[in-house]
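Structure, as structure tokens:
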Amino acid sequence: MLRNDIAITPELIASHGLKPDEYERILDLIGREPTFTELGIFSAMWNEHCSYKSSKKWLKTLPTKGPKVVIGPGENAGVIDIEDGDVAVFKMESHNHPSYIEPYQGATTGVGGILRDVFTMGAKPIAAMNSLSFGEPSHPKTRHLVAGVVAGVGGYGNSFGVPTVGGEVRFHARYNGNCLVNAFALGLAKADGIFLSEAKGVGLPVVYLGAKTGRDGVGGATMASAEFDDQIEEKRPTVQVGDPFTEKRLLEACLELMKTGAVIAIQDMGAAGLTCSAVEMGAKGNLGLRLDLDKVPVREENMTAYEMMLSESQERMLMVLEPSKEKLAESIFVKWELDFAICGETTDDLRFRVIHHGEEVANLPIKELGDQAPEYDRPWVEPFKAEPISFTSIPAVSNVADALVKIIGTPDMCSRAWVYEQYDCLVQGNSATVPGGDAGVVRVEGTNKALAMSSDVTPRYCEADPYEGGKQAVAESWRNITAVGATPIAVTDNLNFANPEKPEAMGQFVRALQGLGEACRSLEFPIVSGNVSLYNETNGRGILPTPTIVGVGLLKDVTKMVTIAFKNDGDELFLVGGHGTHLGQSIYLRELFGREEGTPPPVDLAKERKHGDFVRAAIDKRLLTSCHDLSDGGLAVSLAEMAMAGKKGASVPLGQSAHMAAFAEDQARYVIAVSPANAARVVADAAAAGVPLVRLGTVGGTALDFGTAGKVEIETVRKAFDSWLPEYMGGEMA
Amino acid sequence: MRSAVVLFPGSNRDHDMVKALASVTGHTPTVVWHQDSTLPDVDLIVLPGGFSYGDYLRCGAIAARSPAMLDVAKKAAAGVRVLGVCNGFQILTEAGLLPGALMRNAHLRFVCKEVKLEVANADTDFTRAYSKGQVVRCPVAHHDGNYFADAETLARLEGDGRVAFRYAEGTNPNGSVNDIAGILNDAGNVLGMMPHPENLIEALHGGLDGRGLFESVAKTLAA
């Protein structure tokens, strides 16, 4: 058993991830040597994940305010106003490292954690999404990771009963040693029904709710301390185990409890479990907090204070209770067969005290632990930026149709049905879309309005130019929300980068954030919540910079929503934004010629806004029968996706430089379909708004006909699109 | 038409079912907690979809032994209509109210997609608003929907017209024997089915094909 009087050595400090100067700071703060448990508490609070010590300086530069922002970053999730007294509560968070070690449980606990963040605030989760980045398909671990992560995401969300309405899956060699699992959840609440973690009032009971505490997830720190105590169960995985059944009951019990007025403050136990939740509640409320560990429900015997404070067992909450409602509160948890234990109280001394077996094992200043953690200004250098490539060095293909079939059957471009069919996208009965379109759309129960959401980032763009790549991630999410007819409101971000102690990686982070910030400011699309995941690298090689963005928008009348599917033969097709020419960093160049070269397409935010506002207004006037944004693979891929979704072809003759028109990835563009009766009006509206509009052709037939640039049956495209992923996943394990 | 939906810990399509019943029949069903040993006097009892008790042990096995299910069995024996959808179907087989078992999907993965259902028998309390042989759309969402029964039971089910729905047009999503998607008990008052008609009842869902099932029960009771 780990005792509390273990000697604090430099090795022990280092194994807790604390730098010598950070330890000096601890000594200064408390005026003595910390106990072993206290050292664990400091390491939990001051690590990168909990303290944001490398990123804080830059996160502060992001736009987080706006007329629709109710609560910005700093709480469990962001909150936006969606009118009529309703608010949407959402956030995205990574579970990258655990998912690489144990893909199924890593992914389930990622989903469970983000759902808890949302319902801790009093919101009922109504939609989930995820963004998954895996290594190259030929890497021996990739198939195992895809299978496990996808099953894990589904395993948790399906059982919990939240529809997974969309997401992203990508493959790239730079994720070979470090996959990314970013989970998003969105919940619905009333504006006056939001709960916060800030404790209020002295001498009030602190209550432990949910599942019991075990030794799971005690973390690397405990593993590292095995050398001086060989009785610790060093083989126990550091990855937590998810139990969606308990989480579902915890949701029901919490929402029921919140209605009774018994909850003064509430905080879920996520990273660093009991430590982080208790310190946060106290520090935010300018109160001290005393925890009696002997009252904490445990599922294993002889747990030490250190283990209990650092356990990351799932499906747990901490709450400050209105004392007069104690019996009522307890009865709700008994009904749902969950633990309910008063295990502490709020105090007025701004100390965080932990009692175990009658002994005080920790007594620390709560503010310094919580909101006054170290903060770094990491040195950074201007990151790598790819050189532009000349038009003349880009090979042309004469048959666009053949090229399309090749491109649409590649790992990054093919159908994700194998993945999303493992996710329940319908439960709750409010889903207006199925995955595979531009944005996921979920109706707000009992109303005619809906929320649209889309997860986006193009990591190869971010690698080639972090600043433009950052802008592009925001712009694409904004565009996808616009393409269904919704008005973008706010975003959550999940910033996945490499080792911030390397100036080049820090430079990627800084530049990408500047790009994100500029796009969010320009599009009035503030960031209301988010998560930073650094140190995503293996053997010195970092991941592609991956700032995942999930935007959320409001569709006031869900019956006005459009999808990507072609609807009627004879509808006219237009390209909003005009033909493109930019093939640097394109799918075309990468998939057909193996070249990841050039600068990414620049994002003109004024244009982005103008074109998007035009499209949204046209949808609002019911002038469009379908709409799809242009992104990876350009015009040809968008047309193919629209044709497959609608089971209808189109005739779109492409003239000279057809390969450029077909596959350029210039931004701020959409394909729209319009009935012949409305075509003249749409053309006139575009001219009045100063939006370039190119007439592409008409919907109809069973093929995509590019004129002299080739023709292909939709069935042929469909086969290429549908085949790759199931065949890959069904193949022999490497 | 008075109906009740039984709520187990882990049920998650209870609310979808309540909405569907209210939308089609005009009456909001009573929600009954699984610990209640007496159900109200209703015309239709529904066991909704979800993961009762986390699907731990076996899907539906623990829920089948809840106090509410003892009364469901009693009422079913007395002729009250009982509908089990998805997890509800699993609970009905575990409770012995329907024959056979629902095994893990043949491909071993959870599957959520739209399938085609053929109305194999339109002369039942749950299908009379459809016509025999009619093919309707319906979503599925399950991990354990692979219906199996021994040869003798199957012959009896088929011979007595107790197969209500079959997966059609090659859309069997789980490997079910004879493409079986839904079956009736011997008396014809208990139906279990894996697909989710309650998720295809309004324009937002992209179709209304699921309404027929609830309209059928209402029609039966009105007769």
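The values are calculated or read from the model by the stated rules, or taken from the named source; none is laboratory data. Model, not experiment: these values are computed from the prediction. Neighbour counts run over all protein chains shown; Cβ positions are idealised from the backbone, glycine included. Side chains included, ligands, DNA and RNA excluded: accessible areas come from the protein's heavy atoms. Shrake-Rupley method; radii C 1.70, N 1.55, O 1.52, S 1.80 Å.
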(Q) Looking at chain B as a GNM with Cα springs under 10 Å, which of B:LEU204, B:LEU47, B:LEU213 has the largest mean-square fluctuation? (A) B:LEU204
Q.
Given an 8 Å cut-off on Cα distances and at least 6 residues of separation, report the relative contact order of segment B:3-222 as a percent.
A. 20
Q.
What do you get for the angle between helix A:273-284 and the principal long axis of chain A? Use alpha-carbon atoms, 0 to 90 degrees, nearest ten.
A. 90
Q) Given A:TRP58, A:CYS414, A:GLY570, which one lies farthest toward the positive end of the charge dipole of the protein assembly as shown, if we put +1 on the Cβ of every Lys and Arg and -1 on the Cβ of every Asp and Glu? A) A:GLY570
**Q.** Per-residue [θ]222 nm for chain A (sum of -39500 (n - 2.57) over DSSP H runs n ≥ 4, rounded to 500)
**A.** -10500 deg cm²/dmol
Q | Under 22 Å between alpha carbons - lysine pairs in segment A:293-444 that sit 8 or more apart or on different chains | A | 5
Q: Leaving ligands, DNA and RNA out of it, report the carbon-plus-sulfur percent of the accessible area of the protein assembly as shown at a 1.4 Å probe.
A: 52
Q | Relative contact order, percent, segment B:94-217 [alpha-carbon distance under 8 Å, six or more residues apart] | A | 30
**Q.** Gyration tensor verdict on segment A:379-434 (Cα atoms; rounded if a/c is under 1.5, prolate if a/b is larger than b/c, oblate otherwise)
**A.** oblate
Q.
From the gyration tensor of the Cα coordinates in the protein assembly as shown, what semi-axes in whole Å does the equivalent ellipsoid have, largest first, with each one equal to sqrt(5λ)?
A. 43, 40, 24
Q. In whole Å, what is the distance between the alpha-carbon centres of segment B:1-80 and segment B:150-218?
A. 18
Q) Let a ≥ b ≥ c be the square roots of the eigenvalues of the Cα gyration tensor of segment B:3-222; is it rounded (a/c under 1.5), or, if not, prolate (a/b larger than b/c) or oblate? A) rounded
Q.
In Å², and per residue, what accessible area does the protein assembly as shown have when probed at 1.4 Å with the other protein chains present?
A. 34
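Let me confirm one metric for peptide A:415-421, namely the mean number of other chain beta-carbon atoms within 10 Å of its residues' beta-carbons.
2
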**Q.** Packing rank of A:29-35, A:167-173, B:191-197, where each peptide gets the mean count of other beta carbons within 10 Å, highest leading
**A.** B:191-197, A:167-173, A:29-35
Q. Segment A:128-162 to segment A:290-357: how many Å between their Cα centroids?
A. 33
Q) How large is the charge dipole for segment B:3-222, taken about the Cα centre, if only the Cβ atoms of Lys, Arg (+1) and Asp, Glu (-1) carry charge, to the nearest 20 debye? A) 180
Q.
Using only the alpha-carbon atoms, how far is helix A:714-730 inclined from the longest principal axis of chain A? Give it as 0 to 90 degrees, nearest 10.
A. 30
Q: Give the residue from B:TYR167, B:GLN90, B:MET103 lying farthest towards the positive end of the charge dipole for segment B:79-223; charges sit on Cβ (+1 for Lys and Arg, -1 for Asp and Glu) and the dipole is referred to the Cα centre.
A: B:TYR167
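What order, most packed first, do the peptides A:450-458, A:342-350, A:284-292, A:322-330 have when packing is the mean number of other Cβ atoms within 10 Å of each residue?
Result, highest mean first: A:450-458, A:284-292, A:342-350, A:322-330.
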Q: First check a/c for segment B:172-223, with a ≥ b ≥ c the square roots of the eigenvalues of its C-alpha gyration tensor; if it is under 1.5, answer rounded, and if not, answer prolate when a/b is larger than b/c or oblate otherwise.
A: oblate
Q: May I ask you to list the lysines whose Cα is less than 25 Å away from that of B:LYS75, ignoring any residue fewer than eight positions away on the same chain?
A: B:LYS19, B:LYS219
**Q.** Interface area, B with A, accessible, probe 1.4 Å, both sides summed, Å² nearest 100
**A.** 2200
**Q.** Assigned charges on the beta-carbon of Lys, Arg, Asp, Glu; segment A:562-734 dipole about Cα centre (debye)
**A.** 620
Q: Between the alpha-carbon centers of segment A:426-477 and segment A:655-708, tell me the distance in whole angstrom.
A: 23
Q | For segment A:7-24, Karplus couplings with θ = phi - 60° (6.51, -1.76, 1.60), whole Hz, Gly/Pro x | A | 5, 8, 9, x, 5, 5, 4, 5, 5, 8, x, 9, 7, x, 5, 5, 5, 4
**Q.** Modelled FRET efficiency - R0 41 Å, A:SER138 with A:ARG622, Cβ distances, 0.05 increments
**A.** 0.30
Q) Where nothing but the Cβ of Lys and Arg (+1) and of Asp and Glu (-1) is charged, how large is the charge dipole of segment A:638-693 around its Cα centre, in debye to the nearest 20? A) 240
Q: Using just the helices of chain B, give the 222 nm mean residue ellipticity in deg cm²/dmol: DSSP H runs with n ≥ 4 each add -39,500 (n - 2.57), and the total is spread over all residues, rounded to 500.
A: -7000 deg cm²/dmol
Q) Can you tell which of A:PRO10, A:VAL218, A:ALA341 lies farthest toward the positive end of the dipole of the protein assembly as shown, using +1 and -1 charges on the Cβ of basic and acidic side chains (Lys, Arg; Asp, Glu)? A) A:ALA341
